[in-house]
Amino acid sequence: MTTPFRTLRGASLILLTATPLLLAGCGTTTTSRAGSGAAMGAVGGAAIGSLSGNAGQGALIGAGAGALGGFLFDQHQKGNID
């Protein structure tokens, strides 16, 4: 049986997953893209980490992955990476 809490949690997870994809190209400089990537990664990592009981560690891992992703996206947009 589906409870309202379970449905809300599923909808929140979908929203948290889709938002970074929509905002992936925020910024025009390397710093702003890496920064927005880190912020989105931290939020997503905290959300996923909270499901396993360690939101802080998830946020740190997500921030690192997001910063790296933002930097790589910036370099690809500039034509430095194929």
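When peptides 62-71, 28-37, 48-57 are sorted by average Cβ neighbour count within 10 Å, with the highest value leading, the order is 62-71, 28-37, 48-57.
Could you work out the relative contact order of the stretch 29-82? I mean the mean sequence separation of Cα pairs under 8 Å and 6+ apart, divided by the number of residues, in percent. Taking the mean separation of contacting Cα pairs over the length of the stretch 29-82, I get 42 percent. Note: the stretch 29-82, Cα convex hull, 55 Å³ per residue.
All of the numbers you see were taken from the coordinates with simple rules; none came from a lab. The shown structure was predicted, so the numbers you read here are calculated from the model rather than taken from an experiment. Positions of Cβ are backbone-derived with ideal geometry, glycine not excepted, and every protein chain shown enters the neighbour counts.
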